[in-house]
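Below: one structure, written as structure tokens.
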Amino acid sequence: FEDGLRKSTRRVRRAYRDMNFSPGKERFHALRKAAKRLLHELERLTPRAHGPRGALIASLRRLTAVLGGENDLALLRLRLDRQPHGGGPAAIRRYARKRQRRLRRRAIAAAKDLFSGRGQSVAMIGN
């Protein structure tokens, strides 16, 4: 099991590094998928985790929730852009763009905390 966790951890780290190098909707989505996979593996192995592993699971849940909101807004913006006549009221498009930027900043900060070693980081996997 630990080898699988380490592999999933490497995937999340790689997705995080790629997102930092070139942030874009595809990179954020790749990080979300990798983080969700690691989260689900941890939840299956330690369904009632407490202590450091429980805190790590909570951090991954927060990250995937923020990334999920960002992804929803990316899809909404894509759908609005495909609509005739500019995709609805300009205020909706501005709000979606502003909210998506805010969620991206939150996701970057949450991922940075998760991978920097501050708090409950993925570095503790395997312990």
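The values are calculated or read from the model by the stated rules, or taken from the named source; none is laboratory data. Nothing here was measured: the structure is a model prediction, and the numbers come from that model. Every residue, glycine among them, receives a Cβ derived from its backbone with ideal geometry; neighbour counts consider all protein chains shown. Note: areas computed on protein heavy atoms with side chains; ligands, DNA, RNA excluded. Shrake-Rupley method; radii C 1.70, N 1.55, O 1.52, S 1.80 Å.
The table below gives the values:
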read-out	value
The chain: translational diffusion in µm²/s, Stokes-Einstein, Kirkwood Rh over Cα pairs, 4 °C, 1.567 mPa s	84
Within the accessible area of the chain (1.4 Å probe), percent carbon and sulfur	52
Surface accessible to a 1.4 Å probe, per residue, for the residues of the chain, Å²	62
Net charge dipole size for the chain [Lys, Arg +1 and Asp, Glu -1 on Cβ; Debye, nearest 20]	480
Value at 222 nm in deg cm²/dmol, rounded to 500, when DSSP H runs of n ≥ 4 in the chain each add -39,500 (n - 2.57)	-27500 deg cm²/dmol
Selection from His50, Ala30, His40, by position along the positive dipole direction of the chain (Cβ)	Ala30
Neighbour cut-off at most 11 other Cβ (10 Å), DSSP loop, chymotrypsin sites (Phe, Trp or Tyr not before Pro), segment 1-38	Phe1
